[in-house]
Structure formats: C-alpha cells, structure tokens
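Comments concern the structure below.
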Ligand code: PA5
C-alpha cells in the first residue's frame with residue numbers, strides 16, 4: 001500500500017509521498033509503528049469526547065481541560081455558539097463606516113493567528129485603500145507583539161497625523177478601537193505597548209479611543225488584571241476561553257474578533273475547521289490527514305534524524321501562517337520531559353521560508369546542507385486573478401521564454417522543481433494543496449496543523465498543551481525590570 005496521499009472532497013490535498021521510499025520511511029517502518037498510531041488515534045478521540053489530555057495541568061498545577069477540538073462546532077452550550085457568533089458579527093458591523101482604525105494588541109497566541117487572518121483576507125495594502133474598497137471596515141494595525149520603541153512611536157505618530165488630517169478636512173474626531181488580547185491579562189509586552197499607545201491617543205484632542213478587552217472571562221477574585229480594568233472602565237469584553245491555549249485560540253473569539261473586524265467570513269473559516277475535524281476521525285493512517293502528517297513527521301524525526309521542519313508556503317500572504325505554525329510546533333512539541341517525567345528533549349525546530357523568495361536564500365541549505373530537515377510546502381491551486389507574463393520586450397529572446405505563462409503557473413513550476421530536486425537527493429518533503437486561499441480552506445489548513453500536533457504529542461508521549469520552558473526567562477526579566485525601577 002502507498003502511504004502519503006489524501007485528497008478530501010473539498011479538494012484539499014495532503015501529499016507526503018516524498019517522505020516514503022528508498023532511504024526514507026518504508027512500509028516496514030509504518031507496520032512496526034501501527035500500534036502507536038492506534039493508541040494516538042484513541043487518545044485524540046478521548047480528548048475530543050472528554051477534553052482530557054493525559055498528564056496535562058495548567059500553569060498553576062491545576063487540572064485543566066483541552067478544548068480546542070470543540071471550537072469548530074457552533075452549537076448552543078459550546079464555546080462558539082450561535083449567540084457568541086452573533087455578538088462577534090454585531091461588533092464587526094458596528095465598526096463599518098463608523099471606525100477609522102482598529103489596533104489589535106497581543107503577542108504569541110494572542111497575535112499570530114490574528115495576523116494570519118488579516119494577511120489572508122486583507123493582503124498587504126488594506127490600510128492604504130479608501131473605506132469603500134474595504135467595504136467600510138476599518139484599517140487594522142497590530143501592536144504589542146514586540147516592545148519596539150521606534151515602531152510603537154511611529155504607529156502613534158501615524159494615527160495622530162491621520163486624525164489631524166480628518167479633523168482639518170471633515171471637522172470630525174478620529175474614531176479608533178484598541179482591542180487588547182491577553183489570556184493572562186498581564187503580559188508585559190501587550191500591556192506596556194497598550195498603555196503607551198492608549199495614553200498618547202487619549203491626550204490627542206482629535207482622537208476618540210475606545211477599548212475592547214479580550215481576556216479570560218473569570219470574574220471576581222479570579223479576574224485577570226485586564227478583566228478588572230475592563231470592569232472598572234466599562235470596556236466591551238470578549239473571551240479567551242478556558243481550556244484553549246493561545247496557540248489554538250485562532251478558532252475562538254481571539255482570532256474571530258480580527259475576522260469580524262475586517263469582514264472575513266468566520267462561518268466559512270469554522271466550517272473548514274469542522275470539515276477537517278470530521279475528516280480526521282479515522283484511525284487508519286491513509287484516511288486521516290492529521291494522523292498521517294503527524295506520524296510521518298514523527299518517524300522522520302526519530303528514525304531518520306529529521307528534526308527541523310521548514311514550513312514553506314508558495315504565497316506571500318501565507319508567510320504569517322508559517323509564523324503561526326512556528327509557535328504551534330515549538331511550544332507544543334519542544335519538550336524536555338515526556339509525560340512520565342523522563343528527560344527526552346523532543347521536538348522539531350520549525351523555520352519559516354516563503355517560495356519563491358527563499359529559493360534565492362535558503363534552498364542552498366535545504367538541498368545541500370545536513371540531511372536533518374523536512375520541508376512542508378503549501379500550494380495554492382487557483383488564484384482569484386492570475387495574470388500572464390506579458391511579452392513586454394519582444395526584442396529580448398530570453399524573456400520570450402517566459403512570456404505568456406500565468407504567474408501562478410510559474411510559481412507552481414518553482415514549487416514542483418524544488419520538491420523534485422529535494423526528493424532526488426533523499427530529502428523529505430510534503431505538499432499541502434489548498435484549492436484556493438479562502439476562509440474555508442484556511443480553516444482546514446490551520447485545524448489540520450493543530451490536530452497534527454495533538455497526534456504527535458501522543459506519539460512522542462509529550463504534553464502538547466503546556467509550555468513550561470517559557471517561564472524560565474520570565475524570572476530573569478522580572479528581576480531586570482525591578483532593577484530598572486529601583487534606578488529611577
Ligand atoms: O501560547 C501561549 O500560551 C503564549 O504564546 C501566549 O499566547 C502569549 O505568551 C501571550 O499570552 P497572553 O495571551 O496571556 O497575553
């Protein structure tokens with residue numbers, strides 16, 4: 001049997017055939033491994049049914065459910081339910097032709113998925129378009145995903161100058177909404193930039209800033225710092241749900257709020273995730289794309305030493321998807337200990353590349369460097385517009401060779417050439433094909449990747465839902481900040 005190719009009825013394709021063959025994964029490897037695959041499939045089924053993940057506890061050491069597999073299902077009583085979706089859409093509609101700009105503050109899981117949605121839906125030039133071309137939705141900026149003083153100051157200066165122009169031409173205040181996203185409600189990066197921007201904009205006579213808080217919904221003594229501020233100030237609130245870690249939260253109000261802010265179809269996005277979840281119910285490797293993806297990458301790592309994953313979409317607007325995946329893979333699987341507490345130092349190091357851009361930068365390493373990588377390509381089959389390269393210089397014979405070829409086909413030829421060259425040298429690579437870059441297929445893709453780390457966590461026997469390693473630097477950082485305060 002050939003393993004490695006699954007096409008879903010939606011047209012979504014996972015093709016991992018270039019993981020299998022001579023000096024690569026063999027049918028025997030897969031056979032020997034089939035019991036572990038069965039166990040992983042059962043454990044993820046159990047997770048779906050009960051929310052229980054073996055050995056998982058919260059940061060505070062308390063029992064905590066893992067609920068991301070519930071997010072695609074919009075049902076009464078679920079995290080995403082008809083009422084919560086209605087409220088989100090109402091928020092999005094309230095911005096149209098009313099709000100000039102939104103700034104979304106957040107970092108890690110409270111930023112990366114939002115940037116994916118923005119890039120796929122809006123592209124690079126959204127904020128330069130007139131409101132009509134944005135269908136009345138506001139401009140959207142991000143902040144808080146770093147504490148870079150220059151960019152923060154430049155963002156403030158940009159908003160202030162736009163507000164001054166609006167006041168001069170239309171005599172109206174500039175309306176801006178600051179959406180602050182933080183599960184813990186106290187992340188330094190997010191809160192420091194939010195306070196810096198908020199204070200400056202508040203002091204500007206031409207600007208009317210409003211704030212929306214997206215945080216853990218706990219109230220009273222358990223409320224987060226941001227939750228308490230929201231209650232005191234009367235800010236509108238949305239939730240980072242219990243049981244949903246940052247890197248899985250793009251399917252919750254965390255990511256969906258960005259969707260409704262720019263008119264992205266959140267129903268189609270969740271339908272794509274749901275359709276992928278349903279496609280991943282089988283315990284048979286050649287039927288379940290997430291199980292197949294996880295199993296082959298796990299085997300490639302433990303049997304063939306391929307413990308770097310280059311995530312390489314052939315699409316500019318999927319670069320942030322690669323960045324989102326970096327967090328998903330690194331935080332979920334980069335673990336010192338297995339679930340029995342033994343030191344194992346598991347994980348693949350994720351890296352970002354974009355085709356064709358990085359064929360002119362990284363491919364040398366991928367093709368000739370250490371055989372320690374897997375490459376994950378993402379291909380878009382159909383582009384909404386796909387101009388053919390014109391015959392602009394008939395006098396230049398070399399350029400005639402490419403004239404008449406649609407850009408999308410040239411891009412595809414580059415991907416196929418890259419895959420063929422790598423395979424020819426025994427280098428593991430897989431290609432995911434999205435029929436088009438739509439909310440539905442984006443939902444399928446992100447959910448496939450999220451579910452894959454759940455399966456791989458089972459295979460590697462690591463807790464894919466905690467991130468104890470990120471606490472280590474925080475102690476040093478808090479001490480450094482205290483020292484700075486004392487010096488003032
Ligand atoms: O995945 C994670 O848990 C982290 O990346 C967090 O999302 C990130 O640290 C931001 O945390 P918070 O949402 O609490 O501000």
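The values are calculated or read from the model by the stated rules, or taken from the named source; none is laboratory data. Please read all numbers here as calculations on a predicted model, not as lab measurements. Note that each Cβ is placed from the backbone with ideal geometry, even for glycine, and that neighbours are counted across all protein chains shown.
Odds and ends about this structure:
- Taking the criterion of being within 24 Å of residue 272 (Cβ to Cβ) and either not assigned by TED's automatic domain parsing to the domain that holds residue 385 or not in a strand (DSSP E or B) (or both), the residues of region 420-441 that qualify are 437, 438, 439, 440, 441.
- Matching option when the condition is under 30 Å from residue 472 (Cβ atoms), within 16 Å of the ligand (Cβ to nearest atom) and surrounded by 14 or more Cβ atoms within 10 Å (Cβ to Cβ), among 59, 115: 115
So that you can scan it fast, the table gives a plain yes or no per residue for (1) within 15 Å of the ligand (Cβ to nearest atom); (2) farther than 30 Å from residue 5 by Cβ; (3) touching a residue at least 60 places away in the same chain (Cβ under 8 Å):
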position	(1), (2), (3)
431	no, no, yes
434	no, no, yes
454	yes, no, yes
476	no, yes, no
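Residues checked against (1) crowded, with 24+ Cβ neighbours inside 10 Å; (2) closer than 14 Å to residue 72 by Cα; (3) away from the ligand (no atom under 16 Å from the Cβ):
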residue	(1), (2), (3)
233	no, no, yes
244	yes, yes, no
262	no, no, yes
267	no, yes, yes
282	no, no, yes
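- Region 60-78: number of residues that are under 22 Å from the mean Cα position of the chain (by Cα) and within 17 Å of residue 332 (Cα to Cα): 5
- Residues in region 367-409 that are in contact (Cβ under 8 Å) with a residue 60 or more places away in the chain and outside any loop (DSSP other than H, G, I, E, B): 367, 373, 374, 375, 376, 377, 378, 379, 380, 381.
- Residues of region 308-338 satisfying the condition of being outside any helix (DSSP H, G or I) and within 26 Å of residue 380 (Cα to Cα): 308, 309, 310, 311, 312, 313, 314, 315
- Some residue of region 50-60 being modelled with pLDDT of 95 or more and in a helix (DSSP H, G or I): no
- Among the residues listed as 106, 92, the single one being within 13 Å of the ligand (Cβ to nearest atom) and buried (at least 20 other Cβ atoms within 10 Å of the Cβ): 106
- Scanning region 200-231 for residues that are away from the ligand (no atom under 15 Å from the Cβ) and assigned to a loop (DSSP other than H, G, I, E, B), we see that the one that is nearest to residue 84 (Cα to Cα) is 219.
- Every pair of residues 6+ apart whose Cβ atoms lie under 6 Å, when the first sits in region 250-262 and is under 12 Å from residue 115 (Cα atoms) while the second is within 14 Å of the ligand (Cβ to nearest atom) and part of a loop (DSSP other than H, G, I, E, B): 254/240
- Note on region 321-368: residues that are at positive phi and buried (at least 16 other Cβ atoms within 10 Å of the Cβ) amount to 1.
- Test: residue in region 170-187 that is surrounded by fewer than 16 Cβ atoms within 10 Å (Cβ to Cβ), within 16 Å of the ligand (Cβ to nearest atom) and within 22 Å of residue 214 (Cβ to Cβ): yes
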